[in-house]
1. Restrict the check to segment A:257-265 and report whether at least one residue is out of contact with any helix residue (DSSP H, G or I) (no Cβ under 9 Å at 6 or more places or on another chain), within 14 Å of chain B (Cβ to nearest Cβ) and open to solvent by 50 Å² or more (accessible area, probe 1.4 Å).
2. Can residue B:175 be described as of a type outside the set (Ser, Thr, Tyr), within 14 Å of chain A (Cβ to nearest Cβ) and open to solvent by less than 10 Å² (accessible area, probe 1.4 Å)?
3. Only residues that are of a type in the set (D, E, K, R) and closer than 21 Å to residue B:91 by Cβ: list them for segment B:158-199, please.
4. Return the only residue of A:68, A:78, A:4 being buried (at least 17 other Cβ atoms within 10 Å of the Cβ) and more than 30 Å from residue B:87 (Cα to Cα).
5. Between a first residue in segment A:124-149 that is farther than 26 Å from residue A:164 by Cα and a second residue that is open to solvent by 60 Å² or more (accessible area, probe 1.4 Å), which pairs have beta carbons less than 8 Å apart while being 6 or more apart in sequence or on different chains?
6. What number of residues in segment A:105-126 are assigned to a helix (DSSP H, G or I) and either of a type in the set (Ser, Thr, Tyr) or crowded, with 21+ Cβ neighbours inside 10 Å (or both)?
7. Pairs under 8 Å by beta carbon, first residue polar (S, T, N, Q) in segment B:55-68, partner surrounded by fewer than 17 Cβ atoms within 10 Å (Cβ to Cβ), six or more apart or different chains?
8. Looking only at segment A:18-40, filter to residues that are surrounded by fewer than 17 Cβ atoms within 10 Å (Cβ to Cβ) and under 22 Å from residue B:86 (Cα atoms); which one of those is farthest from the other protein chains (Cβ to nearest Cβ)?
Amino acid sequence: MRHVPTIASRELRSLFVSPVAYAVLTLFVLLAGFFFLSSLLQFEEYILRMQQFQYFDQMKELNLNDHVIAPFIGVMSVVLLFMIPGITMGLFASEKANHTDELLLTSPLTIWDIVLGKYLAAAAFVTLLVALLALYPGILLLYGDPEIEKTLAGLLGLWLVGLAYAGIGAFASSLTRNQIIAFAFSFVLLLVLWMLSFLADLGAAGGAIGSATGIADVLRWLSTAEHFERFVKGLVDTADLAYFGVLVASALVLTKFAVESVRWR
Amino acid sequence: MIEARGISKRYGEHVAVDDVSFEVTRGEVVGFLGPNGAGKTTTMRILTGFLPPTDGTALIDGHDMLTDPLQARRSVGYLPEMPPLYPEMDVEGYLRFVAAIKGLPRGARKQAVERTLARCGLLDVRRRVIGSLSKGYRQRVGLGQAIIHEPPVLILDEPTVGLDPVQIREIRALIASLAAPGPDGIQHTVILSTHILSEVEAICQRVILIHRGRKRLDAPLAQIVQGGQGLEAVFARETARDEATAPEAASA
(Lines give C-alpha, C1' and ligand atoms only; values in the text may rest on other atoms or scores of the structure.)
Protein backbone atom coordinates (compact mmCIF):
# COMPACT_ATOMS: atom_id res chain seq x y z
CA MET A 1 0.00 0.00 0.00
CA ARG A 2 3.09 2.17 0.14
CA HIS A 3 2.64 3.41 -3.40
CA VAL A 4 -0.98 4.55 -3.18
CA PRO A 5 -0.03 8.26 -2.94
CA THR A 6 2.38 7.95 -5.88
CA ILE A 7 -0.30 6.48 -8.13
CA ALA A 8 -2.92 8.94 -6.88
CA SER A 9 -0.82 12.04 -7.46
CA ARG A 10 0.19 10.95 -10.96
CA GLU A 11 -3.44 10.32 -11.78
CA LEU A 12 -4.52 13.72 -10.50
CA ARG A 13 -1.80 15.53 -12.41
CA SER A 14 -2.78 13.73 -15.59
CA LEU A 15 -6.41 14.56 -14.97
CA PHE A 16 -5.60 18.25 -14.69
CA VAL A 17 -3.56 18.45 -17.85
CA SER A 18 -6.37 16.83 -19.79
CA PRO A 19 -9.29 18.94 -21.00
CA VAL A 20 -11.74 16.47 -19.43
CA ALA A 21 -11.21 17.72 -15.89
CA TYR A 22 -11.74 21.34 -16.90
CA ALA A 23 -14.74 20.52 -19.06
CA VAL A 24 -16.35 18.65 -16.18
CA LEU A 25 -15.55 21.42 -13.69
CA THR A 26 -16.87 24.16 -15.97
CA LEU A 27 -20.05 22.33 -16.90
CA PHE A 28 -20.64 21.35 -13.32
CA VAL A 29 -20.30 24.86 -11.95
CA LEU A 30 -22.42 26.31 -14.76
CA LEU A 31 -25.17 23.76 -14.25
CA ALA A 32 -25.02 24.27 -10.50
CA GLY A 33 -25.42 28.02 -11.01
CA PHE A 34 -28.34 27.48 -13.33
CA PHE A 35 -30.19 25.10 -11.02
CA PHE A 36 -29.43 27.17 -7.95
CA LEU A 37 -30.81 30.28 -9.59
CA SER A 38 -33.88 28.51 -10.86
CA SER A 39 -34.77 27.01 -7.49
CA LEU A 40 -34.22 30.41 -5.90
CA LEU A 41 -36.49 32.15 -8.44
CA GLN A 42 -39.12 29.48 -8.03
CA PHE A 43 -39.02 30.02 -4.31
CA GLU A 44 -39.47 33.75 -4.77
CA GLU A 45 -42.41 33.28 -7.07
CA TYR A 46 -43.97 30.85 -4.63
CA ILE A 47 -43.73 33.40 -1.82
CA LEU A 48 -45.30 36.09 -4.01
CA ARG A 49 -48.19 33.83 -4.88
CA MET A 50 -48.77 32.95 -1.22
CA GLN A 51 -48.81 36.64 -0.38
CA GLN A 52 -51.31 37.33 -3.16
CA PHE A 53 -53.66 34.66 -1.90
CA GLN A 54 -52.89 35.59 1.71
CA TYR A 55 -52.03 32.05 2.78
CA PHE A 56 -50.17 33.30 5.83
CA ASP A 57 -50.33 30.01 7.73
CA GLN A 58 -48.66 28.15 4.90
CA MET A 59 -46.07 30.85 4.49
CA LYS A 60 -44.79 30.05 7.96
CA GLU A 61 -43.94 26.57 6.69
CA LEU A 62 -41.72 27.91 3.94
CA ASN A 63 -37.99 27.73 4.49
CA LEU A 64 -34.81 27.87 2.49
CA ASN A 65 -33.76 24.31 3.32
CA ASP A 66 -36.81 22.53 2.00
CA HIS A 67 -37.53 24.82 -0.91
CA VAL A 68 -34.14 25.85 -2.21
CA ILE A 69 -31.28 23.77 -0.83
CA ALA A 70 -32.90 20.33 -0.87
CA PRO A 71 -34.13 20.52 -4.47
CA PHE A 72 -30.81 22.00 -5.52
CA ILE A 73 -28.76 19.21 -3.93
CA GLY A 74 -31.21 16.69 -5.33
CA VAL A 75 -30.84 17.85 -8.88
CA MET A 76 -27.05 18.05 -8.53
CA SER A 77 -26.96 14.39 -7.57
CA VAL A 78 -28.46 13.68 -10.96
CA VAL A 79 -25.85 15.90 -12.61
CA LEU A 80 -23.15 13.81 -10.90
CA LEU A 81 -24.60 10.83 -12.71
CA PHE A 82 -23.25 12.31 -15.95
CA MET A 83 -20.13 14.01 -14.64
CA ILE A 84 -18.42 11.30 -12.65
CA PRO A 85 -18.26 8.72 -15.46
CA GLY A 86 -16.43 11.43 -17.42
CA ILE A 87 -13.79 11.60 -14.71
CA THR A 88 -13.46 7.89 -14.09
CA MET A 89 -13.66 6.61 -17.66
CA GLY A 90 -9.93 7.01 -18.21
CA LEU A 91 -8.73 5.60 -14.89
CA PHE A 92 -7.91 2.12 -16.17
CA ALA A 93 -8.99 2.22 -19.81
CA SER A 94 -6.32 4.77 -20.71
CA GLU A 95 -3.60 2.66 -19.09
CA LYS A 96 -4.44 -0.15 -21.46
CA ALA A 97 -4.62 2.18 -24.45
CA ASN A 98 -1.19 3.66 -23.58
CA HIS A 99 0.23 0.19 -22.79
CA THR A 100 1.23 1.61 -19.41
CA ASP A 101 -0.59 -1.27 -17.75
CA GLU A 102 2.50 -3.27 -18.69
CA LEU A 103 4.62 -0.79 -16.74
CA LEU A 104 2.39 -0.83 -13.67
CA LEU A 105 1.91 -4.60 -13.60
CA THR A 106 5.62 -5.36 -14.02
CA SER A 107 6.61 -2.88 -11.32
CA PRO A 108 6.89 -3.92 -7.68
CA LEU A 109 3.37 -2.68 -6.93
CA THR A 110 0.43 -4.60 -5.56
CA ILE A 111 -2.90 -4.48 -7.39
CA TRP A 112 -4.32 -2.64 -4.38
CA ASP A 113 -1.65 0.06 -4.76
CA ILE A 114 -2.95 0.68 -8.26
CA VAL A 115 -6.68 0.41 -7.54
CA LEU A 116 -6.67 2.46 -4.34
CA GLY A 117 -4.32 5.07 -5.80
CA LYS A 118 -6.58 5.62 -8.75
CA TYR A 119 -9.72 5.60 -6.65
CA LEU A 120 -8.18 8.12 -4.29
CA ALA A 121 -7.51 10.47 -7.19
CA ALA A 122 -11.11 10.21 -8.38
CA ALA A 123 -12.33 10.69 -4.81
CA ALA A 124 -10.25 13.85 -4.49
CA PHE A 125 -11.86 15.20 -7.64
CA VAL A 126 -15.34 14.38 -6.29
CA THR A 127 -14.44 16.22 -3.11
CA LEU A 128 -13.46 19.25 -5.16
CA LEU A 129 -16.78 19.15 -7.01
CA VAL A 130 -18.81 18.98 -3.81
CA ALA A 131 -16.70 21.71 -2.21
CA LEU A 132 -17.41 24.00 -5.17
CA LEU A 133 -21.07 23.17 -4.89
CA ALA A 134 -21.12 24.05 -1.20
CA LEU A 135 -20.44 27.67 -2.21
CA TYR A 136 -23.99 28.08 -3.53
CA PRO A 137 -25.88 27.28 -0.32
CA GLY A 138 -23.06 29.22 1.37
CA ILE A 139 -24.29 32.35 -0.42
CA LEU A 140 -27.66 31.89 1.27
CA LEU A 141 -25.98 32.20 4.65
CA LEU A 142 -25.20 35.81 3.79
CA TYR A 143 -28.81 36.72 3.01
CA GLY A 144 -30.93 34.33 4.97
CA ASP A 145 -30.62 31.77 7.68
CA PRO A 146 -30.88 28.22 6.42
CA GLU A 147 -30.25 25.43 8.90
CA ILE A 148 -26.56 24.73 8.67
CA GLU A 149 -26.75 21.16 10.00
CA LYS A 150 -29.39 20.16 7.51
CA THR A 151 -27.43 21.73 4.66
CA LEU A 152 -24.28 19.93 5.71
CA ALA A 153 -26.12 16.62 5.93
CA GLY A 154 -27.32 17.12 2.37
CA LEU A 155 -23.82 17.94 1.14
CA LEU A 156 -22.46 14.91 2.99
CA GLY A 157 -25.05 12.80 1.19
CA LEU A 158 -24.00 14.27 -2.14
CA TRP A 159 -20.34 13.62 -1.37
CA LEU A 160 -21.07 9.99 -0.49
CA VAL A 161 -23.10 9.56 -3.66
CA GLY A 162 -20.16 10.99 -5.60
CA LEU A 163 -17.69 8.63 -3.91
CA ALA A 164 -19.92 5.65 -4.67
CA TYR A 165 -20.24 6.73 -8.29
CA ALA A 166 -16.48 7.08 -8.55
CA GLY A 167 -16.06 3.51 -7.32
CA ILE A 168 -18.52 2.17 -9.86
CA GLY A 169 -16.99 4.31 -12.61
CA ALA A 170 -13.56 2.91 -11.74
CA PHE A 171 -14.91 -0.60 -12.06
CA ALA A 172 -16.45 0.13 -15.47
CA SER A 173 -13.15 1.61 -16.63
CA SER A 174 -11.24 -1.49 -15.54
CA LEU A 175 -13.27 -3.66 -17.91
CA THR A 176 -12.33 -2.05 -21.21
CA ARG A 177 -9.58 -0.23 -23.07
CA ASN A 178 -12.09 2.13 -24.66
CA GLN A 179 -12.94 5.25 -22.65
CA ILE A 180 -16.25 5.82 -24.45
CA ILE A 181 -17.42 2.32 -23.57
CA ALA A 182 -16.27 2.87 -19.99
CA PHE A 183 -18.30 6.09 -19.85
CA ALA A 184 -21.44 4.50 -21.28
CA PHE A 185 -21.20 1.43 -19.11
CA SER A 186 -20.71 3.32 -15.87
CA PHE A 187 -23.53 5.71 -16.77
CA VAL A 188 -25.92 2.81 -17.32
CA LEU A 189 -24.84 1.11 -14.08
CA LEU A 190 -25.33 4.32 -12.11
CA LEU A 191 -28.69 5.06 -13.70
CA VAL A 192 -29.99 1.58 -12.88
CA LEU A 193 -28.72 1.84 -9.32
CA TRP A 194 -30.39 5.21 -9.00
CA MET A 195 -33.70 4.06 -10.49
CA LEU A 196 -34.13 0.90 -8.41
CA SER A 197 -36.36 2.68 -5.92
CA PHE A 198 -38.64 3.87 -8.74
CA LEU A 199 -38.93 0.28 -9.83
CA ALA A 200 -39.84 -0.66 -6.28
CA ASP A 201 -42.50 2.06 -6.17
CA LEU A 202 -43.98 0.86 -9.44
CA GLY A 203 -44.16 -2.65 -8.07
CA ALA A 204 -45.79 -1.45 -4.89
CA ALA A 205 -48.35 0.58 -6.81
CA GLY A 206 -49.17 -2.30 -9.12
CA GLY A 207 -49.30 -4.61 -6.18
CA ALA A 208 -47.96 -7.52 -8.20
CA ILE A 209 -44.46 -8.05 -6.85
CA GLY A 210 -45.39 -5.51 -4.17
CA SER A 211 -44.03 -5.18 -0.71
CA ALA A 212 -45.52 -8.49 0.37
CA THR A 213 -42.65 -10.45 -1.15
CA GLY A 214 -40.06 -8.07 0.18
CA ILE A 215 -38.53 -7.57 -3.24
CA ALA A 216 -39.59 -3.95 -3.23
CA ASP A 217 -37.83 -3.43 0.08
CA VAL A 218 -34.65 -4.99 -1.23
CA LEU A 219 -34.74 -2.87 -4.39
CA ARG A 220 -35.34 0.21 -2.32
CA TRP A 221 -32.46 -0.61 -0.01
CA LEU A 222 -30.13 -1.12 -2.99
CA SER A 223 -31.09 2.18 -4.58
CA THR A 224 -28.73 5.09 -4.02
CA ALA A 225 -31.60 7.56 -4.35
CA GLU A 226 -33.32 6.08 -1.31
CA HIS A 227 -30.31 6.57 0.98
CA PHE A 228 -29.34 9.89 -0.48
CA GLU A 229 -32.77 11.40 0.11
CA ARG A 230 -32.52 10.71 3.82
CA PHE A 231 -29.35 12.76 4.00
CA VAL A 232 -31.06 15.58 2.15
CA LYS A 233 -33.85 15.50 4.73
CA GLY A 234 -31.16 16.01 7.33
CA LEU A 235 -31.02 12.45 8.64
CA VAL A 236 -27.51 11.12 9.11
CA ASP A 237 -28.00 7.47 9.91
CA THR A 238 -25.23 4.90 10.33
CA ALA A 239 -27.27 2.47 8.22
CA ASP A 240 -27.05 4.86 5.27
CA LEU A 241 -23.38 5.54 5.90
CA ALA A 242 -22.81 1.79 5.94
CA TYR A 243 -24.68 1.44 2.63
CA PHE A 244 -22.24 3.78 0.89
CA GLY A 245 -19.29 2.13 2.58
CA VAL A 246 -20.40 -1.28 1.33
CA LEU A 247 -21.04 0.09 -2.15
CA VAL A 248 -17.57 1.63 -2.47
CA ALA A 249 -15.85 -1.42 -0.98
CA SER A 250 -17.62 -3.84 -3.32
CA ALA A 251 -16.88 -1.68 -6.36
CA LEU A 252 -13.19 -1.58 -5.43
CA VAL A 253 -12.97 -5.32 -4.83
CA LEU A 254 -14.55 -5.95 -8.24
CA THR A 255 -12.12 -3.48 -9.80
CA LYS A 256 -9.21 -5.26 -8.18
CA PHE A 257 -10.33 -8.56 -9.67
CA ALA A 258 -10.84 -6.98 -13.09
CA VAL A 259 -7.34 -5.47 -13.07
CA GLU A 260 -5.84 -8.72 -11.87
CA SER A 261 -7.73 -10.74 -14.48
CA VAL A 262 -5.10 -9.93 -17.13
CA ARG A 263 -2.95 -12.36 -15.16
CA TRP A 264 -5.28 -15.33 -15.38
CA ARG A 265 -6.84 -14.84 -18.78
CA MET B 1 20.45 -14.20 -13.38
CA ILE B 2 17.51 -15.30 -15.48
CA GLU B 3 16.19 -18.79 -15.30
CA ALA B 4 13.24 -20.15 -17.26
CA ARG B 5 12.22 -23.61 -16.12
CA GLY B 6 9.84 -25.42 -18.41
CA ILE B 7 7.72 -22.38 -19.16
CA SER B 8 4.48 -23.02 -21.04
CA LYS B 9 1.61 -20.73 -21.86
CA ARG B 10 -1.62 -22.04 -23.28
CA TYR B 11 -4.67 -20.05 -24.29
CA GLY B 12 -7.33 -22.73 -24.48
CA GLU B 13 -6.28 -24.95 -27.35
CA HIS B 14 -3.61 -22.61 -28.60
CA VAL B 15 -0.14 -23.19 -27.22
CA ALA B 16 1.81 -19.92 -27.32
CA VAL B 17 4.89 -21.15 -25.45
CA ASP B 18 5.71 -24.82 -25.07
CA ASP B 19 8.09 -26.01 -22.36
CA VAL B 20 10.86 -23.45 -22.84
CA SER B 21 13.85 -23.60 -20.52
CA PHE B 22 17.05 -21.61 -20.52
CA GLU B 23 19.43 -19.85 -18.22
CA VAL B 24 21.20 -16.56 -18.70
CA THR B 25 24.19 -15.62 -16.58
CA ARG B 26 25.31 -12.20 -15.39
CA GLY B 27 26.57 -9.83 -18.05
CA GLU B 28 25.34 -11.88 -20.97
CA VAL B 29 23.48 -10.24 -23.83
CA VAL B 30 21.15 -12.75 -25.38
CA GLY B 31 19.37 -12.27 -28.67
CA PHE B 32 15.90 -13.74 -28.60
CA LEU B 33 14.92 -14.67 -32.13
CA GLY B 34 11.97 -16.15 -33.88
CA PRO B 35 9.44 -15.36 -36.57
CA ASN B 36 6.35 -13.30 -35.75
CA GLY B 37 3.99 -15.20 -33.50
CA ALA B 38 6.71 -17.56 -32.31
CA GLY B 39 6.03 -16.74 -28.66
CA LYS B 40 8.81 -14.24 -28.02
CA THR B 41 6.62 -11.54 -26.52
CA THR B 42 4.67 -14.06 -24.44
CA THR B 43 7.90 -15.52 -23.05
CA MET B 44 9.16 -12.05 -22.19
CA ARG B 45 5.89 -11.16 -20.54
CA ILE B 46 6.19 -14.27 -18.40
CA LEU B 47 9.77 -13.45 -17.45
CA THR B 48 8.71 -9.94 -16.36
CA GLY B 49 5.72 -11.17 -14.40
CA PHE B 50 3.13 -9.49 -16.60
CA LEU B 51 1.64 -12.88 -17.40
CA PRO B 52 1.80 -16.00 -15.28
CA PRO B 53 2.91 -19.17 -17.08
CA THR B 54 0.46 -22.05 -17.38
CA ASP B 55 3.31 -24.35 -16.38
CA GLY B 56 6.85 -23.84 -15.22
CA THR B 57 8.55 -21.04 -13.32
CA ALA B 58 10.65 -18.00 -14.03
CA LEU B 59 13.40 -16.94 -11.65
CA ILE B 60 14.94 -13.50 -11.76
CA ASP B 61 18.09 -13.01 -9.74
CA GLY B 62 17.05 -16.00 -7.64
CA HIS B 63 13.53 -14.70 -6.95
CA ASP B 64 10.62 -16.75 -8.16
CA MET B 65 8.19 -14.62 -10.15
CA LEU B 66 5.21 -16.47 -8.71
CA THR B 67 6.11 -16.82 -5.06
CA ASP B 68 8.20 -13.68 -4.58
CA PRO B 69 6.80 -11.37 -7.25
CA LEU B 70 7.64 -7.99 -5.72
CA GLN B 71 11.31 -8.76 -5.22
CA ALA B 72 11.53 -10.44 -8.62
CA ARG B 73 9.90 -7.47 -10.39
CA ARG B 74 12.19 -5.06 -8.61
CA SER B 75 15.09 -6.85 -10.30
CA VAL B 76 13.76 -6.47 -13.85
CA GLY B 77 13.69 -3.60 -16.24
CA TYR B 78 11.26 -4.17 -19.07
CA LEU B 79 10.78 -2.36 -22.33
CA PRO B 80 7.65 -3.77 -23.95
CA GLU B 81 7.13 -3.73 -27.69
CA MET B 82 5.09 -0.55 -27.30
CA PRO B 83 6.91 1.73 -24.85
CA PRO B 84 4.59 2.27 -21.87
CA LEU B 85 4.43 6.07 -21.84
CA TYR B 86 1.95 8.60 -20.53
CA PRO B 87 1.70 11.05 -23.45
CA GLU B 88 0.52 13.92 -21.25
CA MET B 89 3.49 13.80 -18.85
CA ASP B 90 6.83 15.48 -19.37
CA VAL B 91 9.93 13.30 -19.63
CA GLU B 92 11.34 14.22 -16.25
CA GLY B 93 8.04 13.85 -14.42
CA TYR B 94 7.50 10.49 -16.03
CA LEU B 95 10.91 9.19 -15.03
CA ARG B 96 10.40 10.48 -11.49
CA PHE B 97 7.13 8.57 -11.33
CA VAL B 98 8.77 5.38 -12.60
CA ALA B 99 11.62 5.77 -10.10
CA ALA B 100 9.02 5.91 -7.32
CA ILE B 101 6.97 2.90 -8.38
CA LYS B 102 10.10 0.83 -8.97
CA GLY B 103 10.75 1.24 -5.28
CA LEU B 104 13.73 3.60 -5.26
CA PRO B 105 13.96 5.41 -1.92
CA ARG B 106 12.92 9.06 -2.06
CA GLY B 107 16.45 10.37 -1.62
CA ALA B 108 17.84 8.36 -4.53
CA ARG B 109 15.23 9.30 -7.10
CA LYS B 110 16.52 12.65 -8.23
CA GLN B 111 19.95 11.26 -8.90
CA ALA B 112 18.50 8.24 -10.70
CA VAL B 113 16.46 10.54 -12.94
CA GLU B 114 19.50 12.68 -13.77
CA ARG B 115 21.63 9.65 -14.51
CA THR B 116 18.96 8.16 -16.76
CA LEU B 117 18.38 11.43 -18.62
CA ALA B 118 22.09 11.67 -19.32
CA ARG B 119 22.53 8.04 -20.22
CA CYS B 120 19.63 7.95 -22.68
CA GLY B 121 20.43 11.32 -24.23
CA LEU B 122 17.28 12.95 -22.94
CA LEU B 123 18.73 16.04 -21.24
CA ASP B 124 17.56 18.35 -24.04
CA VAL B 125 13.97 17.14 -23.90
CA ARG B 126 13.57 16.71 -20.15
CA ARG B 127 10.75 19.26 -19.94
CA ARG B 128 9.03 18.24 -23.16
CA VAL B 129 5.69 16.50 -23.07
CA ILE B 130 6.15 12.87 -24.13
CA GLY B 131 3.28 12.99 -26.62
CA SER B 132 5.12 15.64 -28.63
CA LEU B 133 8.37 13.65 -28.93
CA SER B 134 9.53 11.84 -32.04
CA LYS B 135 9.47 8.06 -32.12
CA GLY B 136 13.19 7.84 -31.51
CA TYR B 137 12.99 9.95 -28.39
CA ARG B 138 9.98 8.04 -27.16
CA GLN B 139 11.93 4.82 -27.53
CA ARG B 140 14.73 6.35 -25.47
CA VAL B 141 12.28 7.36 -22.77
CA GLY B 142 10.99 3.79 -22.86
CA LEU B 143 14.50 2.50 -22.41
CA GLY B 144 15.01 5.04 -19.63
CA GLN B 145 12.06 3.69 -17.66
CA ALA B 146 13.55 0.20 -17.98
CA ILE B 147 16.97 1.11 -16.59
CA ILE B 148 16.19 3.88 -14.09
CA HIS B 149 16.25 1.58 -11.05
CA GLU B 150 19.47 -0.14 -12.21
CA PRO B 151 17.90 -3.59 -12.37
CA PRO B 152 20.28 -6.50 -12.76
CA VAL B 153 18.10 -7.89 -15.55
CA LEU B 154 16.87 -6.09 -18.64
CA ILE B 155 14.24 -7.50 -20.94
CA LEU B 156 13.82 -5.53 -24.14
CA ASP B 157 11.15 -6.41 -26.67
CA GLU B 158 12.23 -5.16 -30.10
CA PRO B 159 14.02 -2.09 -28.75
CA THR B 160 15.02 -0.72 -32.15
CA VAL B 161 11.86 -1.30 -34.15
CA GLY B 162 10.75 1.71 -36.17
CA LEU B 163 13.87 3.76 -35.60
CA ASP B 164 16.10 5.32 -38.23
CA PRO B 165 19.62 3.95 -38.75
CA VAL B 166 21.29 6.61 -36.63
CA GLN B 167 18.89 6.05 -33.76
CA ILE B 168 19.31 2.29 -34.07
CA ARG B 169 23.05 2.70 -33.71
CA GLU B 170 22.63 4.88 -30.63
CA ILE B 171 20.24 2.49 -28.93
CA ARG B 172 22.54 -0.44 -29.71
CA ALA B 173 25.51 1.36 -28.27
CA LEU B 174 23.47 2.10 -25.17
CA ILE B 175 22.46 -1.54 -24.77
CA ALA B 176 26.04 -2.69 -25.25
CA SER B 177 27.19 -0.22 -22.60
CA LEU B 178 24.59 -1.55 -20.17
CA ALA B 179 25.99 -5.05 -20.33
CA ALA B 180 29.55 -3.89 -19.82
CA PRO B 181 30.60 -3.45 -16.18
CA GLY B 182 29.92 0.27 -15.73
CA PRO B 183 31.53 2.81 -13.45
CA ASP B 184 28.70 2.18 -10.98
CA GLY B 185 29.72 -1.47 -10.86
CA ILE B 186 26.35 -2.65 -12.13
CA GLN B 187 26.49 -5.11 -14.92
CA HIS B 188 23.17 -5.79 -16.59
CA THR B 189 22.03 -9.05 -18.01
CA VAL B 190 20.08 -8.43 -21.18
CA ILE B 191 17.58 -10.41 -23.22
CA LEU B 192 16.46 -8.62 -26.33
CA SER B 193 14.13 -9.77 -29.04
CA THR B 194 14.55 -8.56 -32.57
CA HIS B 195 13.97 -9.34 -36.20
CA ILE B 196 17.14 -7.65 -37.29
CA LEU B 197 19.75 -10.36 -37.44
CA SER B 198 22.61 -7.95 -37.92
CA GLU B 199 21.61 -6.45 -34.58
CA VAL B 200 22.15 -9.79 -32.91
CA GLU B 201 25.50 -10.13 -34.61
CA ALA B 202 26.44 -6.65 -33.43
CA ILE B 203 25.62 -6.87 -29.74
CA CYS B 204 24.70 -10.36 -28.60
CA GLN B 205 26.99 -13.11 -27.40
CA ARG B 206 24.36 -15.76 -27.51
CA VAL B 207 21.26 -16.62 -29.49
CA ILE B 208 18.07 -18.31 -28.39
CA LEU B 209 15.75 -19.09 -31.24
CA ILE B 210 12.15 -20.09 -30.69
CA HIS B 211 9.65 -21.17 -33.27
CA ARG B 212 6.00 -22.07 -32.64
CA GLY B 213 6.53 -21.77 -28.93
CA ARG B 214 9.43 -24.24 -28.79
CA LYS B 215 13.07 -23.54 -28.26
CA ARG B 216 14.95 -24.53 -31.40
CA LEU B 217 18.42 -23.26 -30.84
CA ASP B 218 20.44 -22.02 -27.91
CA ALA B 219 24.07 -21.43 -28.63
CA PRO B 220 26.83 -18.85 -28.46
CA LEU B 221 26.85 -16.63 -31.51
CA ALA B 222 30.48 -17.46 -32.24
CA GLN B 223 29.63 -21.12 -32.45
CA ILE B 224 26.71 -20.56 -34.81
CA VAL B 225 28.56 -18.45 -37.33
CA GLN B 226 31.76 -20.40 -37.00
CA GLY B 227 31.00 -22.85 -39.80
CA GLY B 228 30.87 -20.00 -42.26
CA GLN B 229 27.11 -19.98 -42.42
CA GLY B 230 25.43 -16.68 -41.63
CA LEU B 231 22.86 -16.21 -38.89
CA GLU B 232 20.26 -15.67 -41.58
CA ALA B 233 20.81 -19.11 -43.04
CA VAL B 234 20.53 -20.69 -39.60
CA PHE B 235 17.35 -18.74 -38.90
CA ALA B 236 15.81 -19.82 -42.20
CA ARG B 237 16.77 -23.43 -41.67
CA GLU B 238 15.43 -23.63 -38.13
CA THR B 239 12.14 -21.94 -38.87
CA ALA B 240 11.54 -23.91 -42.08
CA ARG B 241 12.35 -27.26 -40.57
CA ASP B 242 8.87 -28.54 -39.97
CA GLU B 243 6.92 -26.20 -42.18
CA ALA B 244 5.65 -29.15 -44.17
CA THR B 245 4.60 -31.26 -41.20
CA ALA B 246 2.42 -28.72 -39.41
CA PRO B 247 1.21 -26.11 -41.85
CA GLU B 248 -2.01 -25.33 -39.94
CA ALA B 249 -0.08 -23.80 -37.06
CA ALA B 250 1.43 -21.19 -39.32
CA SER B 251 -1.66 -19.02 -39.04
CA ALA B 252 -1.05 -18.64 -35.32
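The values are calculated or read from the model by the stated rules, or taken from the named source; none is laboratory data. Here the structure is a predicted model, which means the values were calculated and not measured. Every residue, glycine among them, receives a Cβ derived from its backbone with ideal geometry; neighbour counts consider all protein chains shown. Quick note on the areas: whole protein, heavy atoms, side chains included, nothing else; ligands and nucleic acids left out. Shrake-Rupley method; radii C 1.70, N 1.55, O 1.52, S 1.80 Å.
1. So far as segment A:257-265 goes, yes, one or more of its residues are out of contact with any helix residue (DSSP H, G or I) (no Cβ under 9 Å at 6 or more places or on another chain), within 14 Å of chain B (Cβ to nearest Cβ) and open to solvent by 50 Å² or more (accessible area, probe 1.4 Å).
2. Numbers: of a type outside the set (Ser, Thr, Tyr): yes; within 14 Å of chain A (Cβ to nearest Cβ): no; open to solvent by less than 10 Å² (accessible area, probe 1.4 Å): yes.
So residue B:175 fails the test.
3. So in segment B:158-199, the residues of a type in the set (D, E, K, R) come out as B:158, B:164, B:169-170, B:172, B:184, B:199.
Within segment B:158-199, B:164, B:170 meet the criteria.
4. Numbers: A:78 fails: buried (at least 17 other Cβ atoms within 10 Å of the Cβ); A:4 fails: more than 30 Å from residue B:87 (Cα to Cα).
From the options A:68, A:78, A:4, the qualifying one is A:68.
5. Hits for this filter: A:141/A:148.
6. Keep residues of segment A:105-126 that are assigned to a helix (DSSP H, G or I), which gives A:105, A:111-126.
Subsequent filtering for residues that are either of a type in the set (Ser, Thr, Tyr) or crowded, with 21+ Cβ neighbours inside 10 Å (or both) retains A:105, A:113-119, A:121-122, A:125-126.
Final tally of qualifying residues: 12.
7. What qualifies is B:57/B:5; B:57/B:6; B:57/B:64; B:57/B:66.
8. A:23
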